Amino acid sequence: MSLLTVRDLVVEFPTPKGTVRAVDGLSFTVDEGRTLGIVGESGSGKSVTSLAIMGLHDKAQVSGSIDLAGTEVVGADREKVRALRGRRVAMIFQDPLSSLHPHYRVGEQIAEARRLHFGASRRAAHKHAVQLLADVGIPHPDERAGDYPHQFSGGMRQRVMIAMALACEPDLLIADEPTTALDVTVQAQILELIARIQRERGLAVLMITHDLGVVARVADDVLVMYAGRAVEQATADELFAGPRHPYTRGLLGSLPRLTGPPGELTPIPGAPPSLLRPPAGCPFHPRCSERIDVCETTRPALQGAPHPAACHLLTIEKEVAG
Amino acid sequence: MIRYLALRFAGLAGVLLVICAVTFTIFYVFPADPALQACGKSCTPERLAMLHHQMGLDRPLWQQFTDYLVGIFAGRSYGSGPLAVQCHFPCLGFSYQNNMPVWDLMMQRLPTTVSIGVGAALLWLVGGVTVGVVSALRKDSLLDRTMMVGTLTSASLPIYFTAMALTVVVVQIGGLLPYSSYVPIAEDPIGWTKNLILPWVALALLYAAMYARLSRASMVETMAEPYIRTARAKGLPERTVVTKHGLRAGLTPVLTVFGMDLGALLGGAVITESVFGLPGLGQLTIDSINKSDQPVVMGVALLAAFFITFANLVVDLLYAAIDPQVRYA
């Protein structure tokens, strides 16, 4: 059963220079117990999407539909969404140091949500926080609960963030670039931790990352985003076996590989487009090495088999074959 | 913590000692002969010599300085024999003008200055921070802009202008309050308040404007911090996000400035006291400078320095209580 259903999500930010459409008609679902990886470069709209699910956009105009465990988030009453936050859906962020309050003990910060949503007593919430710290692999959790964030290492801080997110036993965990700020060895540990917690608790996880390596490790399904839109949607196995969109292939080509013949990395030329004035047609066409005339004028739809991708080449191939 | 405290107090003593030495040098080494100042108009050479001895000016300079320091902590006597004058602890010397002990003179004036300073400080702290925080939370709204223009205006007006304007409007035209004079709080708390309202408001308007701008800037910055987003992501009500998570970090910088400002003000609110004719330390300072009453000027300078350094110490300790990173540094 799908826990999170996003339909035609549009997030726009009014700016003095015009409206920026950061997310443009995005649809996807996350099922219970599964992990969806959303991949894209900076500015592709992945973090904006996650904040929209949390109902944390202040100045943005959000339209479309976000159904979280049966509750519609878009346009809902602030208090109603607030009751979901931390309780049904929890989030961990990129930089665990700046995401933790520097002036409060970590135990207190973890216990805070439990006391709020479950009305737990100070003592019970603290005990639970210590248990969570143990669960996420922090040694001597009893003592460490009394420490401040700056007394932890980067990886330990991210563990604290995860413990905090788990405090109210949410159904959905959104992890927004949870390993980007960490050392490589620590990255692997944190990903393993998230995967283990997901297995043990049957959580649905939305993993937001720019790193296909992360997706390969943890995701069941993948959504590739470009300029606020989905360009390819598949199970992880399918995506890595047969990427259909030139952008996805570009992303894969820019990953170093340890197996197979050695070769140079192939970066995608150029930079993501301005969302203030997106290019006409397919937003990826200025950077696409395989572009054809129609790409400059018409926006491709997300469609096709074995899994949907938004590229004119795919429809043309089909026509040629047919 | 005890070690830290001890270190800080030692530092405080060190700073005061340096200030003491500097003021002492300025007043006793450089221009005029203090004995000549004290001697008065009908001065004879014999009397001058006697005064030199009496004031200890015939002793080497370093001895004069140590005498001065010892006097502060243990009292001392000036001169010797039957003419000796006893100066009790804490001895800062005698005024040249009226031979009163400097300490007593200052203590007479201190309640006025403390009343003005503390009252105004509470007013500007509450007012300024409230305006600043509300402004920060409603950033770029009409309310924010109006308040920021208001604070800019208020900060631009010199205190003698606001003081006079307030007096004209409230006292002369409105007849709502008496002309300011100092009434001890113990004698008549209502009269004390009535007399001090205008000085409080005049002083607070100036400071409140700065505090509003400072706390706005700091709160705007804090509310954009990722840990505020984390607090919201937990589902905390916005009220809790602001008060528990925002204010704690956002108002820490305000605290530093507040300690220093209050400390400085306790050394004498010179302009406010002058404009309202209140007999505080500021007035005493001006009087004694005009009359070259060096012991008094020195005493006031030392007291002011003490207040500032002490306030600074208190702020640092509070800082350590608020911010664990300072505590463990």
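The values are calculated or read from the model by the stated rules, or taken from the named source; none is laboratory data. All figures in this text were calculated on a predicted structure; none of them were measured in a lab. Cβ coordinates were reconstructed from backbone atoms using ideal geometry, including for glycine residues, and neighbour counts include every protein chain displayed. Side chains are part of the model used for accessible areas, which takes the heavy atoms of the whole protein and leaves out ligands, DNA and RNA. Shrake-Rupley method; radii C 1.70, N 1.55, O 1.52, S 1.80 Å.
What the table below lists for this structure:
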| item | result |
| --- | --- |
| Filter result for residue A:90 (in contact with a Cys (Cβ under 8 Å, 6 or more places away or on another chain), part of a strand (DSSP E or B), surrounded by 24 or more Cβ atoms within 10 Å (Cβ to Cβ) and facing another protein chain (nearest Cβ under 9 Å)) | yes |
| Considering residues of the range A:93-110 that are open to solvent by 10 Å² or more (accessible area, probe 1.4 Å) and either in a helix (DSSP H, G or I) or β-branched (Val, Ile, Thr) (or both) only, the residue nearest to the other protein chains (Cβ to nearest Cβ) | A:98 |
| Residue in the range A:39-49 that is within 14 Å of chain B (Cβ to nearest Cβ) and open to solvent by 10 Å² or more (accessible area, probe 1.4 Å) present | yes |
| Subset of the range A:53-79 [within 13 Å of chain B (Cβ to nearest Cβ) and within 16 Å of residue A:21 (Cα to Cα)] | A:57, A:58, A:59 |
| Entirely in the range B:237-329, the helices (runs of 4 or more DSSP H) that have 2 or more residues that are among the small types (Gly, Ala, Ser) and under 11 Å from the mean Cα position of the chain (by Cα) | B:252-266, B:294-322 |
| Criterion: of a type in the set (S, T, N, Q), surrounded by fewer than 20 Cβ atoms within 10 Å (Cβ to Cβ) and within 28 Å of residue B:152 (Cβ to Cβ) - qualifying residue of B:240, B:222, B:167 | B:167 |
| Neighbours by Cβ (under 7 Å, 6+ apart or cross-chain): first from the range B:308-324, of a type in the set (Gly, Ala, Ser); second part of a helix (DSSP H, G or I) | B:311/B:259; B:311/B:260; B:311/B:262; B:311/B:263; B:320/B:326; B:320/B:327 |
| Evaluation of residue B:205 against (1) under 20 Å from residue B:126 (Cβ atoms); (2) surrounded by fewer than 16 Cβ atoms within 10 Å (Cβ to Cβ) (one fails), failing number | (2) |
| Complete set of residues in the range A:164-192 that are buried (at least 19 other Cβ atoms within 10 Å of the Cβ) and either more than 25 Å from residue A:52 (Cβ to Cβ) or β-branched (Val, Ile, Thr) (or both) | A:174, A:179, A:182, A:187, A:190 |
| Scope the range B:39-58; condition of a type outside the set (Ser, Thr, Tyr) and in a loop (DSSP other than H, G, I, E, B); matching residues | B:40, B:41, B:43, B:55, B:56, B:57, B:58 |
| Residue A:82 vs. criteria within 14 Å of chain B (Cβ to nearest Cβ) and either within 25 Å of residue B:226 (Cα to Cα) or in contact with a strand residue (DSSP E or B) (Cβ under 9 Å, 6 or more places away or on another chain) (or both) | yes |
| Filter result for the condition that a residue is open to solvent by less than 10 Å² (accessible area, probe 1.4 Å), away from chain A (no Cβ under 14 Å) and touching a helix residue (DSSP H, G or I) at 6+ places or on another chain (Cβ under 6 Å), over B:266, B:278, B:262 | B:278 |
| Residue among B:249, B:212 that is within 14 Å of chain A (Cβ to nearest Cβ), buried (at least 21 other Cβ atoms within 10 Å of the Cβ) and touching a helix residue (DSSP H, G or I) at 6+ places or on another chain (Cβ under 6 Å) | B:249 |
| Among (1) more than 21 Å from the chain's Cα centre (by Cα); (2) closer than 25 Å to residue A:128 by Cα - the single one residue A:92 does not satisfy | (1) |
| Qualifying residues in the range A:11-31 (those that are of a type in the set (A, V, I, L, M, F, W, C) and open to solvent by 20 Å² or more (accessible area, probe 1.4 Å)) - the one farthest from residue B:140 (Cα to Cα) | A:20 |
| Candidate set from the range A:125-144 (those that are away from chain B (no Cβ under 14 Å) and of a type in the set (A, V, I, L, M, F, W, C)); member that is surrounded by the most Cβ atoms within 10 Å (Cβ to Cβ) | A:133 |
